[in-house]
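Written below as structure tokens is the structure these notes are about.
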Amino acid sequence: MLLPDSEAELAEMIRAAHAPLSIRGGGTRGVNAAGEALDTRGLHGVRLYEPGALTLVVGAGTPVSDIDTILAEKGQRLAFEPMDHRSLFGLAGEPTIGGVAAANVSGPRRVQVGAARDHMLGVRFVSGTGEVIKNGGRVMKNVTGYDLVKLMAGSYGTLGVISQVSVKVQAIPQAQATLVLRGQDMAQAIADLTRAMGTPYDVSGAAWLSQGATRDQSERRIRVEGMAGSVRYRADKLADLLGADSIVTDEDSAALWQEIRDVVPFANQDGAVWRISTRPSGAAGLCDAIARDGIKHQAIADWSGGLLWMLTPDTDDAGTAIIRAQVAKVGGHATLIRARTAAKTIPRFQPQARALEKLSSGLRAKFDPRGILNPGLMGTPL
């Protein structure tokens, strides 16, 4: 295993490589490519933190838990609420900020503040030729040419190995509250979630869990955050508009959203886990169509239905042909996140359209002409 402890050493290791490299950080995302392991955890530590400017610059191998602690001391947080995959995969290790950036990992608050890439001010990375490249900086600004920050977010290490990340952070709100309503079907719940997002009440979370996911009744959850008085007012207004069996506050509210963020209801259940991005207006119909085609499933609808987590039987192809065909009809993409027994030959990522694959291949050829960084990852099975 290669374990660089500086950016210069990382660049030298990549230049000297003559075989594929499998890029990894904390090893918690369940993504592994063939090749010699290149571990980025040695690239850790705070390079710059300016609480007044809401700016943090850290090495890619810095654990997210360390960042959470550092920010909390100043009453701040990562606004995009990155998911922790460990419970879903049953893995140990520590998620790193480089892994979050490389996979564009975002949580329930994305409906309000955007994805991880929207909070990345800049990156430093090493290309497949061993060249150190930097893009962006400590403040948001327009750039010409490639927006490498956006390209690196979600590239899973196939364009370069991230060595440093600059992120915009956010103040922790004084209070939060979650409206909970039980027993709604998916179509009715998603209609409520989209109505909530259309109000002036600044909703920061909108999700629905199926009966199988809760092991009881289905459950709709709507979150608001901010000053205590404002949170109470907005929660009451939303309850008047949409109804609520209960309003859960502060730590209890946070626990509900950590459960959704980390897809905890599926963690200890057998089955394949899918992550499906689609239009909120098509989410309920998509689930109905998949069920009609014979794929039994449980579902968690986050982002007002724009993100579907689906648990299906881990047999045959885990529903791949049906799920991806139905997703293609409504628009979106389906990623196979976990398959423990069957479906080992199924590509994790949905195959790209020919034009998009040509563009992606061109970018990989430019930044990694030898094809040594996580080769084939986007098309390989679990």
**Request:** Taking the convex hull of the Cα atoms, report for the chain its projected area averaged over all directions, in nm².
**Result:** 18.3 nm²
**Request:** May I ask for the angle, rounded to the nearest 10°, between helix 354-367 and the longest principal axis of the chain, with both axes built from Cα atoms and the value confined to 0 to 90°?
**Result:** 40 degrees
**More than 22 angstrom apart: percent of Cα pairs within region 75-203** = 50 percent
**Request:** Could you let me know the centre-to-centre spacing of region 353-378 and region 1-68, using Cα atoms, in angstrom?
**Result:** 21 Å
**Fill in**
For the pair residue 5 and residue 245, the simple spin-label estimate (label points 7 Å beyond Cα toward Cβ) gives in nm 5.5 nm
**Item:** Listed peptides 160-169, 93-102, 321-330, 177-186 by packing density, highest first (mean Cβ within 10 Å)
**Value:** 93-102, 160-169, 177-186, 321-330
**Request:** Sort the following peptides by mean Cβ neighbour count (other Cβ atoms within 10 Å, averaged over residues), highest first: 110-120, 29-39.
**Result:** 110-120, 29-39
**Message:** Within a 10 angstrom radius of the beta carbon, how do 216, 192, 66 rank from fewest other beta carbons to most?
**Reply:** 216, 66, 192
**Rg and Dmax of region 265-338, Cα atoms only, in Å** = 11.0, 31
**Request:** First measure r as the distance between the Cβ atoms of residue 270 and residue 355, then evaluate 1/(1 + (r/R0)^6) with R0 = 56 Å and state the FRET efficiency to the nearest 0.05.
**Result:** 0.90
**Request:** Determine the dipole magnitude for the chain: charges of +1 sit on the beta-carbon of Lys and Arg, -1 on that of Asp and Glu, nothing else is charged, the reference point is the Cα centre, and the result goes in debye to the nearest 20.
**Result:** 1060 debye
**Fill in**
Taking 290-298, 303-311 and ranking on average Cβ neighbours within 10 Å, highest first, one gets 303-311, 290-298
**Item:** region 175-261 - Rg and Dmax from Cα coordinates, angstrom
**Value:** 11.9, 35
**Message:** Given a Förster distance of 35 Å, report the FRET efficiency between residue 321 and residue 233 from their Cβ-Cβ distance, rounded to the nearest 0.05.
**Reply:** 0.10
**Estimated dipole of region 147-255 in Debye, rounded to 20 [Cβ of Lys and Arg +1, of Asp and Glu -1, Cα centre]** = 260 debye
**Complete:** So the number of lysine pairs in region 276-366 with alpha-carbon atoms under 23 angstrom apart, 8 or more residues apart or on different chains, is 4
**Rg and Dmax of region 1-94, Cα atoms only, in Å** = 15.3, 46
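Since every read-out is calculated from the coordinates, none of them should be taken as a lab result. In this text the structure is predicted, and so the values were computed from the model without any measurement. Neighbour counts run over all protein chains shown; Cβ positions are idealised from the backbone, glycine included.
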